[in-house]
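What follows is a single structure, written as structure tokens, with notes after it.
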């Protein structure tokens, strides 16, 4: 279990459950599943969806593929962004979708 102090003022506990392929509304990609809590009592799963399209755009522009570890890092940073941007823990019920622009910004922040 790890802890993240969000800009929203909440302190979240989270741990990584794993990943699996997803297909939804014509999109495909990887679903990274985390368990999160803002009170250490109630836990809920949160999915971070990294679409094939978002990855393909970055990979085409940079002429290389992101490794499995790098994809996990993008998903984890997207989760942190959601912690920061969503005003309350109740809003974390919604899945986190990683857009192509998010991939670019996160990869740049991580220096990959």
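The values are calculated or read from the model by the stated rules, or taken from the named source; none is laboratory data. These figures come from a predicted structure and were not determined experimentally. All Cβ positions, even for glycine, are placed from backbone atoms using ideal geometry, and neighbour counts span all protein chains on display.
Structure data summary
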item: Close pairs from the stretch 83-101: first under 17 Å from residue 73 (Cβ atoms), partner at pLDDT below 90 and surrounded by fewer than 17 Cβ atoms within 10 Å (Cβ to Cβ), Cβ under 6 Å, at least 6 apart; result: 100/57
item: Matching entry among 27, 65 (being more than 12 Å from the chain's Cα centre (by Cα), closer than 22 Å to residue 100 by Cβ and modelled with pLDDT under 90); result: 27
item: Among residues of the stretch 1-39, those that are in a strand (DSSP E or B) and at negative phi, counted; result: 27
item: Leading residue by the ranking (surrounded by the fewest Cβ atoms within 10 Å (Cβ to Cβ)) among those in the stretch 11-33 that are in contact with a helix residue (DSSP H, G or I) (Cβ under 6 Å, 6 or more places away or on another chain) and in contact (Cβ under 8 Å) with a residue 40 or more places away in the chain; result: 12
item: Breaking point among (1) closer than 27 Å to residue 87 by Cβ; (2) not in a helix (DSSP H, G or I), for residue 54; result: (2)
item: Only listed residue being within 21 Å of residue 14 (Cβ to Cβ) and touching a strand residue (DSSP E or B) at 6+ places or on another chain (Cβ under 7 Å), chosen from 27, 70, 95; result: 95
item: One residue from 88, 52 being modelled with pLDDT of 90 or more, more than 12 Å from the chain's Cα centre (by Cα) and exposed (fewer than 12 other Cβ atoms within 10 Å of the Cβ); result: 88
